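Everything on this sheet refers to the single structure shown next.
The values are calculated or read from the model by the stated rules, or taken from the named source; none is laboratory data. Computed from a prediction, not measured in an experiment: that's the story for all the values here. Note that each Cβ is placed from the backbone with ideal geometry, even for glycine, and that neighbours are counted across all protein chains shown. Note: areas computed on protein heavy atoms with side chains; ligands, DNA, RNA excluded. Shrake-Rupley method; radii C 1.70, N 1.55, O 1.52, S 1.80 Å.
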Amino acid sequence: MAGEAGEPTGPRSAVEKLSEAVGERTKALGSALQEAHRQRRLLLVIVCLALLLDNMLYMVIVPIVPDFVAAMGSSGHHQGAPQHLQQQPPASAANRSDGGGWPSNASKPLLRPRYPADNDDIKIGVLFASKAILQLLVNPLSGTFIDRVGYAIPLFIGLSVMFLSTVIFAFAENYGTLFAARSLQGLGSAFADTSGIALIADKYTEESERNRALGIALAFISFGSLVAPPFGGILYHFAGKRVPFLVLACISLLDGLLLLLAIKPFSDRSRDNMPVGTPIHRLMIDPYIAVVAGALTTCNIPLAFLEPTISNWMLKTMGANEWEMGLTWLPAFFPHVLGVYVTVKLADKYPHLQWFYGALGMAIIGASSCMVPACRNFGQLMVPLCGICFGIALVDTALLPTLAFLVDVRHVSVYGSVYAIADISYCVAYALGPIVAGEIVHSFGFVQLNLGMGLANVLYAPVLLALKNICQMKPSHSERNILLDEGPKGLYDTIKMEERQRKGRNLHPVGGMEENSVDSYHRDLRGPSEEDSSDYEYT
């Protein structure tokens, strides 16, 4: 009887012990995640995954959508045809067996998009550009929203919207649904991309660490953009059109859950003690920020305009096969990563030359763009394309941290609006590319398109000389520092205060510790001096 009475208690005690162990592990994990250093790294991983996902979504439809639009147009044509023509469908139409107008595996392109009829070009161009257009329109609002509520909540909103748009892509069966899903992705990107980059700039306050973290993020952006077309084409060919989007939806869901676990965005109150950011319209009229934004737009125009036009030019000029057209941009990933690495290393040693790295990158982009029409085979073409991506890496890696630096030295150190401006700069290029590039090639020619893009980059490079003096400045006694001098009021400010105290102990020698600390104390009591109250100082 005692054994029978004790049988239920054995399993119950085991379950209780297991639950206690799981609870202890969860508490230990939660406390570990609250450590500033580990949380920073985890947030960098979350942001990099979000940027990877967004750029893969942007490019994964390249081998899929043209095939679908062509099939849809063919289906509509046969429905309106006379009955005697409908009785004998062409072989390509007979091969469609997936339902909803999607072709069977036998007729699917593996890597490159099928070239549609001329009247379908406009549909495809508008579909590709709709994401960037909506993102361009929403960014001014999202930047202001990010400045007011912080970075975590907009990042979670962006990931949720991208998850929804990816699921819609997976189950879309007509052009209108695809257009809605593509536009919805632009809405999510306006929140996720801007808040993610701004979050990195906010967490990594040291210039060298910020350059390194933003360089890692740019590497993920490049990887997502260049690997997505082969990824989408192969999965579409062998597994069907839903699989690529469902895989990306799972990544988005995982990233959102990781964000909730890491910082609990809806219960985070560290934003309450932070200053109010500079309005986005004031940042837009800052001449230095305008120079950087113009450089980001100009340097990305060759990539945005070549992506929708180069495959057709390769087919006509060099008789390229499907694999060559599908893998056109994939080798350029490696020089892009090399450019990020070189720029980060140079910025660590010579941080005052950021403007020069950007100008050098634009000169390389210009020269490479002019070389593209002279290529006559796939091997020759890889050289200028790799040069374009290497130059873009130099410009982006040098100028994205410069935007945060400009806000630090000239405005308030809140980064949502300034990186919304950067996102607008990218969107201008990628909104015009799918719509305008084809028309330019048709009206003027592929050679003239490349020469114009190359000339624009070469002519803009000297404009970055305007940043030469600003890159030699150091941050002023900004509003954030004044708030932190008043004493920490939350977890974020406590961490910042501890970092400043550690830096002070490391910088001051032991003999001069007392004198320097007293001077610093009196200086903090006086508040910002006349020198500190200016917008910036020269080192």
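Annotations
- Residues considered: A228, A170. Of these, the only one that is hydrophobic (A, V, I, L, M, F, W, C) and touching a Lys or Arg at 6+ places or on another chain (Cβ under 9 Å) is A170.
- Flag if S417 is assigned to a helix (DSSP H, G or I), within 20 Å of L283 (Cα to Cα) and open to solvent by less than 50 Å² (accessible area, probe 1.4 Å): yes
Let's see how each residue does on (1) at pLDDT 90 or above; (2) open to solvent by 20 Å² or more (accessible area, probe 1.4 Å):
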| site | (1), (2) |
| --- | --- |
| T166 | yes, no |
| F169 | no, no |
| F191 | yes, yes |
| D202 | no, no |
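- The lone exception for E324 - which of (1) more than 29 Å from G150 (Cβ to Cβ); (2) open to solvent by 40 Å² or more (accessible area, probe 1.4 Å); (3) modelled with pLDDT of 80 or more; (4) part of a helix (DSSP H, G or I) it fails: (3)
- Restricting the range 244-286 to residues that are basic (K, R) and either in a helix (DSSP H, G or I) or within 21 Å of A228 (Cβ to Cβ) (or both), the residue that is modelled with the highest pLDDT: R282
- Filter result for S160 (in contact (Cβ under 8 Å) with a residue 60 or more places away in the chain, buried (at least 23 other Cβ atoms within 10 Å of the Cβ) and either assigned to a helix (DSSP H, G or I) or in contact with a helix residue (DSSP H, G or I) (Cβ under 6 Å, 6 or more places away or on another chain) (or both)): no
Here is a yes/no grid of residues against (1) in a helix (DSSP H, G or I); (2) over 25 Å from V138 (Cα atoms); (3) free of Cβ contacts under 8 Å to residues at least 24 places away in the same chain; (4) not hydrophobic (A, V, I, L, M, F, W, C):
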residue	(1), (2), (3), (4)
M362	yes, yes, no, no
S368	yes, yes, no, yes
L381	yes, yes, no, no
L385	yes, yes, no, no
L399	yes, no, no, no
L432	yes, no, no, no
E439	yes, yes, yes, yes
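- Qualifying residue in the range 297-311 (condition: in a helix (DSSP H, G or I), farther than 22 Å from G438 by Cβ and either open to solvent by 50 Å² or more (accessible area, probe 1.4 Å) or touching a Ser or Thr at 6+ places or on another chain (Cβ under 7 Å) (or both)): no
- Selection count where residues are among the aliphatic types (A, V, I, L, M), over 25 Å from L315 (Cα atoms), out of contact with any Ser or Thr (no Cβ under 8 Å at 6 or more places or on another chain) and open to solvent by 40 Å² or more (accessible area, probe 1.4 Å), scope the range 425-473: 6
- For L214, the criteria (1) open to solvent by 10 Å² or more (accessible area, probe 1.4 Å); (2) in contact with an Asp or Glu (Cβ under 9 Å, 6 or more places away or on another chain); (3) at pLDDT 90 or above hold in every case but one, which is (1).
- Taking first residues from the range 340-351 that are free of Cβ contacts under 8 Å to residues at least 40 places away in the same chain and assigned to a loop (DSSP other than H, G, I, E, B) and partners that are open to solvent by 60 Å² or more (accessible area, probe 1.4 Å) and hydrophobic (A, V, I, L, M, F, W, C), the Cβ contacts under 9 Å between residues at least 6 apart in sequence or on separate chains come to Y350/F356.
- Criterion: within 12 Å of the chain's Cα centre (by Cα) and over 14 Å from F405 (Cα atoms) - qualifying residue of I234, I221, I197: I221
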